[in-house]
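Q: Attaching a single structure in structure tokens format; questions to follow.
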Amino acid sequence: MNSLLRRLALVLLLSLGLTHPAGASTSVLDSFTDPFPPNPCLPVTQLPILFGGTYCDGASCPPDLIRTSPCYLGEGNSLEQAGLPGVWGDFARAIHMDGDPAGATTVARVDPVTGTLDFRHGAGTRGRLSLGYSLEYPASADLRVGGDERIRFALSGDPSPSRPVYLEVELYSLEAGHASATRVFTAPGELSIALSDFDDIEPAFDLSRVYHVGLLFYNCEPCDGELPERHYAIGPIHWESGGPTPTRKSSWGQVKSLYR
């Protein structure tokens, strides 16, 4: 009877995605449970989004006003947030995205329900989304978490072989250390990049003294011809050891419903 109960418990754990490889350790770099503050370029709706280009500040435009970002002091399409409960340790989250006031709009929003950062942009735009997690110099963090360290997150939405999403990951340590990796998403799914598989690791790089983790997402390389409309979501972002571990699945339908 006890053996049967143990087997049933194991099946339940597997179905819930709660098992980890032996010896694995994981930390959440960003759970995406902390939304953006109200956008200062949208004084009427005060939506918690970032946008580049133009956005309707009301129920319908016209008659409501169409706002442009970045607006005064360069705000609207970038921000920095420190002391977030959902971001690892003392790292501050910074985000910046491209947007052409005369062209298509780019929009980013954190969805705390699904734990994702949602990003979309109109056709014809070179959509670039930059995420950075930094400590104030000379502070640094020890990212050694048990060996075979890696970064892992899921990407949902519309990447395909004909419309890939490009990714650059960079780590910076004190004393001018640097490590980087480049990957391409051709389908929705989970990506796990072990530090040992990074494309470039400088001799000075020290995993025990990291002060910046950066991720850059973009939609074209090279950026020639017609650029299609794009919509995808990422997160949460994990830093872990021992290989990828299962996470809960987010509903892409939930993410899309934010814009309906």
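The values are calculated or read from the model by the stated rules, or taken from the named source; none is laboratory data. Bear in mind the structure is a predicted one, so any value in this text is a computation, not a measurement. Positions of Cβ are backbone-derived with ideal geometry, glycine not excepted, and every protein chain shown enters the neighbour counts.
Q: Has segment 153-175 got at least one residue that is buried (at least 20 other Cβ atoms within 10 Å of the Cβ), at pLDDT below 95 and in a loop (DSSP other than H, G, I, E, B)?
A: So far as segment 153-175 goes, yes, one or more of its residues are buried (at least 20 other Cβ atoms within 10 Å of the Cβ), at pLDDT below 95 and in a loop (DSSP other than H, G, I, E, B).
Q: While we're on this one: Can you name the condition, by its number, that residue 150 falls short on among (1) under 21 Å from residue 202 (Cβ atoms); (2) surrounded by fewer than 20 Cβ atoms within 10 Å (Cβ to Cβ)?
A: Of the numbered conditions (1) under 21 Å from residue 202 (Cβ atoms); (2) surrounded by fewer than 20 Cβ atoms within 10 Å (Cβ to Cβ), the odd one out for residue 150 is (2).
Q: Something else: What number of residues within segment 208-231 are touching a Gly at 6+ places or on another chain (Cβ under 9 Å), more than 20 Å from residue 118 (Cβ to Cβ) and not in a loop (DSSP other than H, G, I, E, B)?
A: Of the residues in segment 208-231, 4 are touching a Gly at 6+ places or on another chain (Cβ under 9 Å), more than 20 Å from residue 118 (Cβ to Cβ) and not in a loop (DSSP other than H, G, I, E, B).
Q: Here is a follow-up. Find the strands (runs of 3 or more DSSP E) located wholly in segment 32-122 whose residues include 3 or more that are under 29 Å from residue 143 (Cα atoms), and list them.
A: Of the strands (runs of 3 or more DSSP E) lying wholly inside segment 32-122, those with at least 3 residues that are under 29 Å from residue 143 (Cα atoms) span 78-81, 92-97, 106-111, 116-121.
Q: Considering segment 118-162 alone, what residues qualify as being out of contact with any His (no Cβ under 6 Å at 6 or more places or on another chain), among the hydroxyl-bearing types (Ser, Thr, Tyr) and touching a residue at least 12 places away in the same chain (Cβ under 8 Å)?
A: Listed by number, the residues that qualify are 125, 133, 137, 140, 156, 160.
Q: Among (1) modelled with pLDDT under 90; (2) within 17 Å of residue 118 (Cβ to Cβ), there is one condition residue 48 misses while meeting the rest; what is its number?
A: Every listed condition holds for residue 48 apart from (1).
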